[in-house]
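Please read the structure below before turning to the comments.
Every number in this text was worked out from the coordinates using simple rules, so none of it is lab data. A quick note: this is a predicted structure, and the numbers were derived from the prediction, not measured. Please note: Cβ atoms are built from the backbone with ideal geometry, for glycine as well, and neighbour counts cover all protein chains shown.
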Amino acid sequence: MSKGLSLWFAVSSIVLLTAAAISISYSAWLAILLGLLSVGNIGWGFVVKARQRRS
């Protein structure tokens, strides 16, 4: 995986997790949604990395 793409997944995951942490005090549903999006983003980063290793 290129450094730029790795940086993108790292920064976007941090932003999503920070937003989830902040939203805990406002709405539990929003925090859960953002948490799931964060996990999905991290997982998608691993998928992209694995696909690029194969080719």
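Do we find a residue being outside any helix (DSSP H, G or I) and exposed (fewer than 13 other Cβ atoms within 10 Å of the Cβ) anywhere in the range 27-47? Even if it seems obvious, please write down each step before you answer.
Start the filter on the range 27-47 by keeping residues that are outside any helix (DSSP H, G or I), which leaves 27.
Those still in the list that are exposed (fewer than 13 other Cβ atoms within 10 Å of the Cβ) too: 27.
Yes.
Sort through I22, I14 and tell me the only one that's within 9 Å of the chain's Cα centre (by Cα) and not in a loop (DSSP other than H, G, I, E, B). Even if it seems obvious, please write down each step before you answer.
Working: I22 fails: within 9 Å of the chain's Cα centre (by Cα).
Result: I14 is the single residue among I22, I14 that is within 9 Å of the chain's Cα centre (by Cα) and not in a loop (DSSP other than H, G, I, E, B).
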For S2, the lone unmet condition from (1) exposed (fewer than 10 other Cβ atoms within 10 Å of the Cβ); (2) touching a Ser or Thr at 6+ places or on another chain (Cβ under 7 Å); (3) among the small types (G, A, S) is (2)
Please name all residue pairs, on different chains or six or more residues apart, with Cβ atoms under 9 Å, provided the first residue is in the range 10-26 and is in contact (Cβ under 8 Å) with a residue 60 or more places away in the chain and the second residue is surrounded by 16 or more Cβ atoms within 10 Å (Cβ to Cβ) and not aromatic (F, W, Y). none
